[in-house]
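Worksheet: one structure, shown below.
Just so it is clear, none of the values below were taken in a lab; they were calculated from the coordinates. This is a predicted model, so every value here is computed, not measured. All Cβ positions, even for glycine, are placed from backbone atoms using ideal geometry, and neighbour counts span all protein chains on display.
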Amino acid sequence: MLRSLTGGRDLARIGADETALADDVCDGVFWAWHARVTCRMGDPADPGAVVDPTGSTIKTDGLTVADASVMPRLPSANTNVPTLMIAKKIADDIRAG
Ligand SMILES: Cc1cc2nc3c(=O)[nH]c(=O)nc-3n(C[C@H](O)[C@H](O)[C@H](O)COP(=O)(O)OP(=O)(O)OC[C@H]3O[C@@H](n4cnc5c(N)ncnc54)[C@H](O)[C@@H]3O)c2cc1C
């Protein structure tokens, strides 16, 4: 299990050596593309807001956005389930008129 998690690296040795630790961190860093917050939800008076709290675009009539783009700021957790929740809430509101 340990070998599987560490990839066979000697963590005690790496942790005791600043250069080895920095190299190990740099080798292990990766990115993942989780696009969001490009169509920010907020108070219509906020110049940075694109949609109001119902998901309706503030400057364009008849258009509603219901995806990760309306997140008001970057969440620190995974985005898939929050996106489903946003979509469900806005869809329910649309259906309810
Ligand atoms: C590689 C990867 C791994 C991920 N892993 C996780 C994870 O493990 N857990 C987690 O919680 N989240 C994960 N996410 C994030 C999650 O998938 C997204 O946050 C979520 O899918 C966002 O939903 P969305 O509806 O905003 O966008 P999307 O799911 O991207 O949906 C946008 C849709 O619009 C369609 N579209 C685009 N342009 C047009 C057009 N002009 N006309 C018609 N349709 C169009 C696209 O085809 C797509 O179906 C991952 C994302 C990626 C890329």
Restricted to the range 73-97 and to residues being of a type outside the set (S, T, N, Q), closer than 17 Å to Cys39 by Cα and not in a helix (DSSP H, G or I), the residue farthest from the ligand (Cβ to nearest atom) is Arg73
Considering the range 6-30, residues that are in a loop (DSSP other than H, G, I, E, B) and among the hydrophobic types (A, V, I, L, M, F, W, C), and then whichever is surrounded by the fewest Cβ atoms within 10 Å (Cβ to Cβ), we arrive at Phe30
Inside the range 14-33, the number of residues satisfying the requirement of being out of contact with any Leu (no Cβ under 9 Å at 6 or more places or on another chain) and either closer than 19 Å to Ile90 by Cα or not aliphatic (A, V, I, L, M) (or both) is 10
